[in-house]
1. Inside region 37-55, can you point out the residues that are over 17 Å from residue 73 (Cα atoms) and of a type in the set (Gly, Ala, Ser)?
2. Among the residues of region 32-41, is any part of a strand (DSSP E or B), modelled with pLDDT of 90 or more and either within 20 Å of the chain's Cα centre (by Cα) or of a type in the set (Gly, Ala, Ser) (or both)?
3. Out of the residues in region 46-88 meeting the condition of being outside any loop (DSSP other than H, G, I, E, B) and small (Gly, Ala, Ser), tell me which one is modelled with the lowest pLDDT.
4. In region 44-59, which residues are surrounded by fewer than 15 Cβ atoms within 10 Å (Cβ to Cβ) and touching an Asp or Glu at 6+ places or on another chain (Cβ under 8 Å)?
Amino acid sequence: MKALPLVIVAGVLTGFLVGCGQSWDDQHGLGDAPVGNADDSPADVIQFPDRIRNVLDKCDGHGHRVYSSSAGPFWVIADPTCPGGKSE
C-alpha cells in the first residue's frame with residue numbers, strides 16, 4: 001500500500017511534464033501558419049429562425065465581401081462598397 005501514493009505522484013508528475021511540452025503538431029510542423037494582419041472585428045450575422053444555418057458576412061479590406069455559413073463553405077465576392085476595392 002505504501003507504493004500507491006508514489007505511483008499517483010509519478011503519474012501526476014508525468015502528466016504535468018508531458019502537458020508542458022510542445023504539441024505533436026508543433027513538433028512536426030503542422031501548427032498554425034504565421035499570421036500577418038488579423039481582422040477580428042465583428043461580422044454581420046444573417047440569422048435564420050431555427051438559429052442553425054446562420055450566415056456571416058464581412059468585408060476583407062481588399063474590396064471583397066466574404067460570406068461564411070455555419071453549415072458549409074464560404075464565398076468571396078467583389079463588392080465595390082468594401083474598402084480596398086478598385087473604386088478607391
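1. 38, 41
2. no
3. Going through the qualifying residues, I end up with 69.
4. 44, 46
The values are calculated or read from the model by the stated rules, or taken from the named source; none is laboratory data. The shown structure was predicted, so the numbers you read here are calculated from the model rather than taken from an experiment. We place every Cβ from the backbone using ideal geometry, glycine too, and count neighbours over all the protein chains shown.
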